Amino acid sequence: MKLKDNSNINDLKGDDEEAKYCVSCCSKIHLKAKVCPHCNNYQSRIYRFLSDITPLSSFVIVLVSIGMLIVSIYQFKEARNETIKASEAVKEAQLASANALKSKELSFDSLRLLRNTIEHYSKGDQIGFGPPEEERRQLLENIDQLLNEEKTQ
Ligand SMILES: [Zn+2]
């Protein structure tokens, strides 16, 4: 091949056997050239593919990262809500326990009051009031049994 234009001399560097056409702009370039000096495009398909896909894959990675961040924030909030719920449940349980203890004390107080009342009326021998003597004694025994259970607990 004859070179009429000196601008092509760097691209060809000799005869036609060492020349090829750019896959992108079709300029004649050196056979071993990996990048076209005219349009700066890669000659290898793999390189062209990679240079095309890199901006896209970066974008995808950024999107996936944002997605994962959102999921992490959501999971963190869920976990925090669960922790708050758990501590509220503990507080409620403590309150319920305290209330149960209070009502237990209250019922034993009521038992003692009932016992004193029955005893009072038994001593006074108020005829015609309350249950008969035998039932009263039985009631007192039951109450004493319950009060003894409180002491052992
Ligand atoms: Zn080119």
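The values are calculated or read from the model by the stated rules, or taken from the named source; none is laboratory data. The shown structure was predicted, so the numbers you read here are calculated from the model rather than taken from an experiment. Note: ideal-geometry Cβ built from the backbone for every residue, glycine included; neighbour counts use all protein chains shown.
Go through the stretch 33-77 and give me each residue that's more than 40 Å from the chain's Cα centre (by Cα), outside any loop (DSSP other than H, G, I, E, B) and within 16 Å of the ligand (Cβ to nearest atom). Hits for the stretch 33-77 are V35, Y42, R45, Y47, R48. Here I127, I61, I84 are screened, and the one residue that is modelled with pLDDT under 80 and not assigned by TED's automatic domain parsing to the domain that holds H30 is I127.
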